[in-house]
Amino acid sequence: MESEMLTESHMQSNFNTLLIHGGIDGDERTGAVSVPIYQTSTYRQIELGQHKGYEYSRTGNPTREALEALINQLEGGEAGFAFASGMAAITAVLLLLKSGDRVIISNNVYGGTFRVLDKVFKNFGLEYEIADTSNIDEVESKVVPGVAAVIVESPANPLLTITDIGKVAGIARKNRALTIVDNTFMTPYLQRPLELGADIVIHSATKYLGGHSDVIAGLVVVKDSETAARLKFLQNATGGVLPPFDSWLLLRGIKTLAVRLDRHIENSRHVVDFLKNHEGVTKIYYPGLEVSEGYEIHKKQAYGPGAMISFVLSEDYDIKLFFKNVSLITLGESLGGVESLVSHPASMTHASIPYEIRQKVGIVDNLIRLSVGIEDKEAIINDLGNAFNKAKRK
Ligand SMILES: *Cc1c(COP(=O)(O)O)cnc(C)c1O
């Protein structure tokens, strides 16, 4: 009954209302419509052994709780958890595993996810293997009994590679492995992995959920009560919690998630149309392009294409000059903010991947990644056009 209600309340028709009024709405005591920032470390106890539900803010804080309840409701899970960064969230989830366990990760997971597995968890006996999760045959052959978890992103960075989340989750479940989805690029407005069969959803809330490039945060939602209890324990035991003010910034950001993403996507469609017709572009990666690989799978499992676009600049253009001449669009790492950002995966986010492998998977030196913001679309396109003109080799 309970889970049935959750599914119902997650139908798209209701989602905009949930963004505004979901979780814990306002403040019971004063009637404040905005959840107060409970900037406190500790709480007065009534008498020995009796308190009002809060003892210490690492363990529980009302502002953080409001955020945790909200993200849980948006993703349709059992419980939500807020962490000090996306990486703190991923780390806490990996702590659910133990020495000797093996995880399968997509070949294009976020660099930090690979790094923490390779440089930190490996030292504690957690093993990992890389798989092309967009290839279901490969998932079938690698997710076998003994594998503890599969970690996927769809669309994945920077080529917007699509993985069939439902199929991967089905294979994982058959082998008693957890399916963990990093849903940062989509947010629950556009994709809800738990409804597709995943067990755990992770967000770098630093990106679209926060949406204003002013907070570093991570969120996790889990589907069953046992995992929820274990993660609650780990959150308190290891302590990478999101502070009250940052929790409030996220509550504030999430209220406008739908309107922001609608505009992000509208702008992206125009930018893609512009890029498609530009002689300076030899290839475009965008899940909303019908010709793109994985288009049908993405359409089936998500409510929209998102606003991340990657494209390859023609050899007739100088990439350095291109980056030098964007002006409205900011050259920088990160994504998902209201402002348009552009980056160079080969030298920035994916520099740690050896050159040969980068070539093989398509992260070529002329690849440009664009996080389309919500400025006037004409202004974004003008800025790109100007950068193309200045970058054209004579
Ligand atoms: C940014 C990012 C992370 C890491 O999150 P932080 O908030 O920077 O720690 C994880 N996964 C994806 C897909 C990201 O884009």
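Read the figures in this text as sums done on the coordinates, not as results from a lab. Note that this is a predicted model, so its numbers are computed, not measured. Reconstructed Cβ throughout: ideal geometry from the backbone, glycine too, with neighbour counts over all protein chains shown.
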Exercise. Could you check how many residues of the stretch 337-357 are surrounded by fewer than 18 Cβ atoms within 10 Å (Cβ to Cβ), more than 16 Å from the ligand (Cβ to nearest atom) and polar (S, T, N, Q)?
Key: 1
Self-check item: Filter pass, residue 89 being among the hydrophobic types (A, V, I, L, M, F, W, C) and over 22 Å from residue 226 (Cβ atoms)
Solution: no
Quiz prompt | Neighbours by Cβ (under 7 Å, 6+ apart or cross-chain): first from the stretch 92-109, crowded, with 19+ Cβ neighbours inside 10 Å; second among the polar types (S, T, N, Q) and assigned to a loop (DSSP other than H, G, I, E, B) | solution = 106/133; 106/163; 108/157
Quiz prompt | Tally of residues being buried (at least 24 other Cβ atoms within 10 Å of the Cβ) and either within 16 Å of the ligand (Cβ to nearest atom) or in a loop (DSSP other than H, G, I, E, B) (or both) across the stretch 167-178 | solution = 1
Practice problem: Scan 334, 247, 310 and give me the residue that is assigned to a helix (DSSP H, G or I), of a type in the set (Ser, Thr, Tyr) and within 16 Å of the ligand (Cβ to nearest atom). | Solution: 247
Quiz item: Any idea which of (1) under 15 Å from the mean Cα position of the chain (by Cα); (2) assigned to a loop (DSSP other than H, G, I, E, B); (3) not aliphatic (A, V, I, L, M) is the one residue 77 doesn't satisfy?
Solution: (1)
Quiz item: Taking residue 211, is it under 20 Å from residue 339 (Cβ atoms) and buried (at least 24 other Cβ atoms within 10 Å of the Cβ)?
Solution: yes
